[in-house]
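The values are calculated or read from the model by the stated rules, or taken from the named source; none is laboratory data. Treat the numbers as computed from the prediction; the structure is a model and nothing was measured. Cβ coordinates were reconstructed from backbone atoms using ideal geometry, including for glycine residues, and neighbour counts include every protein chain displayed. For the accessible areas, the whole protein counts, side chains as well, though only heavy atoms, and no ligand, DNA or RNA atoms are used. Shrake-Rupley method; radii C 1.70, N 1.55, O 1.52, S 1.80 Å.
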Amino acid sequence: RIEDLMLGVKLACLAYTDDQRGTLDNLGGTRKAIETLAGGPERARRPLTEILQALGFTVDRIFSHTAMLGSLRTVDTHGFIAHNDQDVVISYRGTTGIVEWLTDLAASPIPFQPNLDQEKSSSSCLAGRQSQPQAHQGFYDAFLASVCDINQKLMPQLRDTSRPKRLIIAGHSIGGAIAMGVLLQSFDFASSPHRILFVSTGQPRFGDDIFASWLDKQLASLRRAGKCCAVRLVNDCDAVPTVPASGYRHAGKLCLLTSEGELLIGPEVEERDVGTLAEGVDEHRTDNYLNLLASIAT
């Protein structure tokens, strides 16, 4: 549904701000998007907690994790967890500066085994496989930095099965790639009353072919049970979803926004070569995605 896509994009936009004074002033095109969502420039400068309250959500945590893991490996992970009576939300911020771009460039693939890497135990569902799914190291490190927030603030709400809830997972740019890791947290959605809505906006590739095939298989099983809708929203002039190239493949259903004002839905749809990242930077902006989607909705 267009409404679900729009909600995912809005929540991804809001992950760029927080409760600190002055954050909005450094955001460029995303500032315009947040001003639209909040109802004007002055309202957009309110704390994120208040903006989300106005949209019907209670904030559980606004997280920010920055660390240097090596000479070229950095982690800069930001986002929020919030809820209302029907939904639980986790949304990740995308790229705003040089630290995140360094994360983008740490592109060496490593085994995707979050249980093992987080707990240093042999309990990982992937342990012992001869051919393990591989993930982009920078995006994977960024996801692992948020696992403590997931375990403390998100998982307890999912373990409460007294009423069905929808888990909304959202993110723009590298935030969408980081969000992909949340899809594979250790929770049995098939036997719970909850369901998943995953919407990434202009995300780069997270894992290799084995990872993508493995994740698509898990998502297909949940989708057949009516438990999951997982889509990647892509502007056909945005170059960011085309990277990293060699050795990586997207997972999830593609929803392509065209320059002709159409919304094309995969799997038969294919992204095209749109040039360099620098050439497509304006097309990657959150306000551009919001405007394209709004024009289709109307």
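Taking the criterion of being out of contact with any Pro (no Cβ under 7 Å at 6 or more places or on another chain), of a type outside the set (A, V, I, L, M) and part of a helix (DSSP H, G or I), the residues of the range 144-194 that qualify are Cys148, Asp149, Asn151, Gln152, Lys153, Pro156, Gln157, Arg159, Gly175, Gly176.
Elements of the type helices (runs of 4 or more DSSP H) sitting completely within the range 27-84 and holding at least 2 residues that are touching a residue at least 40 places away in the same chain (Cβ under 8 Å) and crowded, with 20+ Cβ neighbours inside 10 Å: these cover 29-38.
For the range 233-244, filtered to residues that are under 14 Å from Ala177 (Cα atoms) and open to solvent by 10 Å² or more (accessible area, probe 1.4 Å), the residue that is nearest to the chain's Cα centre (by Cα) is Val240.
When Arg45, Arg61 are screened for being in contact with a Leu (Cβ under 8 Å, 6 or more places away or on another chain) and of a type in the set (Lys, Arg), only Arg45 passes.
Residues that are more than 27 Å from Arg166 (Cα to Cα), touching a strand residue (DSSP E or B) at 6+ places or on another chain (Cβ under 9 Å) and open to solvent by 20 Å² or more (accessible area, probe 1.4 Å) within the range 250-264 comprise Ser259, Glu262, listed in sequence order. Of all the criteria given as (1) at pLDDT 90 or above; (2) open to solvent by 50 Å² or more (accessible area, probe 1.4 Å); (3) under 19 Å from Gly176 (Cα atoms), the one not satisfied by Gln203 is (2). Residues that are open to solvent by 50 Å² or more (accessible area, probe 1.4 Å) and either at pLDDT 90 or above or in contact with a helix residue (DSSP H, G or I) (Cβ under 8 Å, 6 or more places away or on another chain) (or both) within the range 265-290 comprise Glu271, Asp273, Leu277, Asp282, Arg285, listed in sequence order.
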